[in-house]
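For reference, the structure is listed below as structure tokens.
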Amino acid sequence: MKQSRFKITICFLVLFSSLGAKVVAQKTPLILDMVHHNPGESPYETKYNNPAVIKDMGYNGKVYFLFESPALAINWESVDPDILPKGTEDRKWVDKKAEQINQMHAKCKAEGMAIYAMSDLVLFPKRLIQKFDIKDTFGNPNDPLTEKLIRAQINEMFDQFPDLDGLVVRIGETYLHDAPYHLGSIEDKKNPEKTIIPLINILKEEICEKRDKQLIFRTWGAFDVDLKAYMKVSKAVEPHKNLIISVKHCEGDFHRANAFSKVIGQGRHRQIIEVQSAREYEGKGAYPNYIANGVIDGFEEHARMPEERITSIQEFVDTKPELYAGVWTWSRGGGWDGPYVKDELWCDINSWVMAQWGQHTNNTEEFIFNRYATERLNLKDNDVAKFRKLCLLSAEAVVRGRNSTYRDMNPWWTRDQGIAWPMVAKGDLQQKRNLLQKDEAIDKWNEIVKLAKSINWQNEETKNHAIGSAEYGLELYTIYRTLVYMKYADDNGNKKDVQKWIKAYDKAWSKYKKLATEYATIATLYTQDYERHTSNNANKRVDKLRKK
């Protein structure tokens with residue numbers, strides 16, 4: 001049984017040490033938060049931008065987002081003053097960015113919070129790339145000139161921003177939406193030998209060894225789902241007290257019904273676990289969606305995973321405590337566009353519980369949840385139990401409404417503020433259980449609304465938002481249900497049922513759109529014409545079916 005793993009942890013550690021394996025001594029966990037601003041848009045206006053706020057929640061460090069990174073704000077004068085000549089537009093932009101970042105760092109330092117910056121690599125100024133004629137080679141960390149420039153870049157970042165405690169590096173993607181004077185490139189980003197290992201070793205030497213600062217290297221989009229690749233990196237890169245590997249708690253992106261990450265608890269390096277509090281594929285905090293319980297103790301869909309697999313971060317901490325480096329939440333953001341929340345209740349509970357648990361992993365999730373209910377929401381007695389039931393139901397409703405506990409749907413069919421035509425698994429069994437779970441989701445959402453109305457909230461504002469956001473979830477997931485039923489009816493050639501579900505779809509949208517006039521603090525709504533990063537827009541498909 002998995003419960004027995006904790007009992008053998010001490011014996012395992014003694015054996016692990018006796019075999020000569022190198023284990024870096026455990027340090028105080030890093031409890032980090034980041035606001036993931038939408039690329040290309042104005043930054044979020046959120047309380048979580050304030051270091052004092054997140055410190056009070058239990059965090060000990062702040063990660064500044066990609067476009068708040070010193071990688072975009074160094075002047076490169078140690079390499080060549082002509083790379084960004086004074087007086088040019090790009091130099092003015094860089095200097096202004098540096099001023100903004102220094103102001104942010106000063107506020108963070110004043111609160112005694114550790115300062116981290118996330119950066120895409122490799123990322124250089126356009127002028128530098130042109131000057132050294134490296135457009136075709138600067139994405140290769142093995143190229144001698146590229147390596148030299150990366151080392152110079154790291155030196156300038158820490159020299160020009162001395163309050164920086166560490167760097168969070170991403171190679172899985174490169175965003176340039178708010179970097180008009182820079183270019184990014186990375187070759188063979190999933191190749192341990194050609195890219196990942198040499199790049200980590202360069203950064204480890206410059207950051208961890210020479211400067212005694214911290215390097216957090218993200219697996220995302222590079223070696224997060226390939227255990228063989230991860231173990232190659234683990235074997236080739238010597239552990240260091242200042243080197244931490246960052247892993248999302250689930251396989252791939254933050255989707256329910258995805259497996260728990262297979263690389264968590266593996267290898268020789270300490271790991272920090274990434275958790276998205278306002279889930280970009282699940283409303284971004286627009287409706288109740290309590291995921292902290294599932295992340296800490298395991299989601300229900302993970303119960304069918306093989307016995308030997310770790311399926312929660314509590315199990316990770318219990319069985320591999322020497323590898324646990326902490327928790328990193330994204331309190332807001334991820335993805336693109338909306339919905340945009342006005343009240344951050346549902347983001348807050350996920351972030352607060354994760355932060356508190358991350359530093360007190362001997363406490364149960366339920367204990368910490370109850371503290372939130374009483375300390376943050378001032379709920380009492382039976383209302384605490386009602387609120388917990390509401391939150392646990394939300395996790396059950398979400399996975400059933402937009403996927404299933406058996407992953408009978410492609411999770412990418414709805415994201416941000418848009419809905420595409422449902423992508424479903426084929427087969428009679430898959431259809432039967434998928435539709436059953438869509439019905440179950442609506443039953444659960446109805447119960448959530450009733451609970452929200454029955455709780456004695458601390459004030460009218462909280463009450464109205466709790467009820468309004470619960471109604472938001474109910475009506476949105478009713479739209480989801482009509483589309484999935486319509487999809488199967490169309491696939492099965494049942495024209496009569498298609499028309500029935502089109503009427504239900506129109507009615508669901510009508511009710512959903514009225515919410516904005518009934519509840520002042522609910523998030524902006526999903527929109528029927530949204531198509532960014534989705535294919536086969538659902539509303540367009542419905543309009544075609546009307547004509548049939």
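The values are calculated or read from the model by the stated rules, or taken from the named source; none is laboratory data. If you're wondering where the values come from, they're calculated on a predicted model, not measured in any experiment. Because the Cβ atoms are built from the backbone with ideal geometry, glycine has one as well, and the counts that use them run over all protein chains shown. Only protein heavy atoms, including side chains, enter the accessible area calculation; ligands, DNA and RNA are left aside. Shrake-Rupley method; radii C 1.70, N 1.55, O 1.52, S 1.80 Å.
Students often get this wrong, so check it: of 248/511; 92/284; 213/342; 62/438; 47/96, which have C-alpha atoms separated by over 30 Å?
Those over the limit are 248/511; 92/284; 213/342; 62/438.
Report, by chain and number, residues whose modeled amide H sits under 5 Å from the one on residue 44, excluding near sequence neighbours (fewer than 5 apart, same chain).
Residues meeting the amide H criterion: 38.
Kindly provide the helix-only [θ] at 222 nm of the chain, computed as the sum of -39,500 (n - 2.57) over DSSP H runs of four or more divided by all residues, to the nearest 500 deg cm²/dmol?
Rounded to the nearest 500, the figure is -13500 deg cm²/dmol.
Only bridges with both residues in the chain count here: give the DSSP antiparallel percent, nearest 5.
Given both bridge residues lie in the chain, the antiparallel proportion sits at roughly 15 percent.
Label 7 Å along Cα→Cβ of residue 238; segment 206-223 residues with amide nitrogen under 12 Å?
209, by backbone N distance to the label point.
Would you list which aspartates and glutamates come within 15 Å of residue 548, measuring only between C-alpha atoms, while excluding same-chain residues fewer than 8 positions from it?
By straight Cα distance, residue 548 reaches 490, 491, 497.
Along segment 92-97, what does the Karplus equation 6.51 cos²θ - 1.76 cosθ + 1.60 (θ = phi - 60°) give for ³J(HN,Hα), rounded to whole Hz, x for Gly and Pro?
For segment 92-97, the Karplus-derived couplings read 4, 5, 5, 5, 5, 4 Hz, x marking Gly and Pro.
Heavy-atom accessible area per residue, the chain, 1.4 Å probe: how many Å²?
Accessible area per residue: 40 Å².
If you put +1 on each Lys and Arg Cβ and -1 on each Asp and Glu Cβ, how big is the dipole of segment 227-275 around its Cα centre, in Debye rounded to 20?
It works out to roughly 200 debye.
Would you mind telling me the share, in percent, of accessible area of the chain contributed by carbon and sulfur at probe 1.4 angstrom?
With neighbouring chains kept in place, the figure for the chain is 50 percent.
For segment 349-362, what does the Karplus curve 6.51 cos²θ - 1.76 cosθ + 1.60, with θ = phi - 60°, yield as ³J(HN,Hα) per residue in whole Hz, taken in order and with x for Gly and Pro?
5, 4, 5, 5, 5, 5, 5, 5, 5, x, 9, 9, 6, 7
At 0.36 nm per residue, minus the direct Cα-Cα distance, what do residue 304 and residue 430 gain on full extension? Give it in nm, one decimal, please.
Extra length available between residue 304 and residue 430 comes to 43.7 nm.
Please compute the modelled spin-label separation between residue 423 and residue 439, points set 7 Å along Cα→Cβ, answer in nm with one decimal.
2.8 nm
Hey, got the dipole for segment 277-434? About the Cα centre, +1 on K and R Cβ, -1 on D and E Cβ, debye to the nearest 20?
Details: 20 positive and 23 negative charges, 97 e Å.
In total the dipole reaches around 460 debye.
Using θ = phi - 60° and the Karplus relation 6.51 cos²θ - 1.76 cosθ + 1.60, list the HN-Hα couplings for segment 105-117 in order, rounded to whole Hz, with x at every Gly or Pro.
Whole-Hz 3J(HN,Hα) from phi for segment 105-117: 5, 4, 5, 5, 5, 4, 8, x, 9, 5, 10, 10, 10.
Where a ≥ b ≥ c are the square roots of the eigenvalues of the C-alpha gyration tensor, would you call segment 272-426 rounded, which needs a/c under 1.5, or, failing that, prolate if a/b is larger than b/c, or oblate?
The shape class here is oblate.
Modelled label-to-label distance, residue 159 and residue 531, 7 Å Cα→beta-carbon offset: nm?
About 5.0 nm, to one decimal.
Would you mind checking which residues have amide H under 5 Å from residue 420's amide H? H placed 1.01 Å from N; only 5 or more apart, or other chain.
414, 415, 538
What FRET efficiency do you get for residue 541 and residue 142 if R0 is 45 Å and r is their Cβ-Cβ distance, rounded to the nearest 0.05? List each step's numbers first, then the result.
Details: r = 47 Å, r/R0 = 1.05.
In this case the efficiency is close to 0.45.
Would you pull out the residues with amide H under 5 Å of residue 279's amide H, same chain only if 5 or more places away, H placed 1.01 Å from N?
So residue 279 has HN proximity to 284, 285.
Give the residues of segment 426-440 whose amide nitrogen is closer than 15 Å to a point set 7 Å from the Cα of residue 492 in the direction of its Cβ.
426-439
How many angstrom lie between the Cα centre of segment 261-307 and the Cα centre of segment 383-443?
Value for the Cα centre distance between the two parts: 16 Å.
State the extension gain, in nm to one decimal, for the chain segment bounded by residue 410 and residue 99, taking 0.36 nm per residue of separation less the distance between their alpha-carbons.
Result: 107.6 nm gained on full extension.
If you count, for each residue, the other Cβ atoms within 10 Å and average over each peptide, how do 305-314, 539-548 line up from highest to lowest?
In decreasing order of mean packing, 305-314, 539-548 become 305-314, 539-548.
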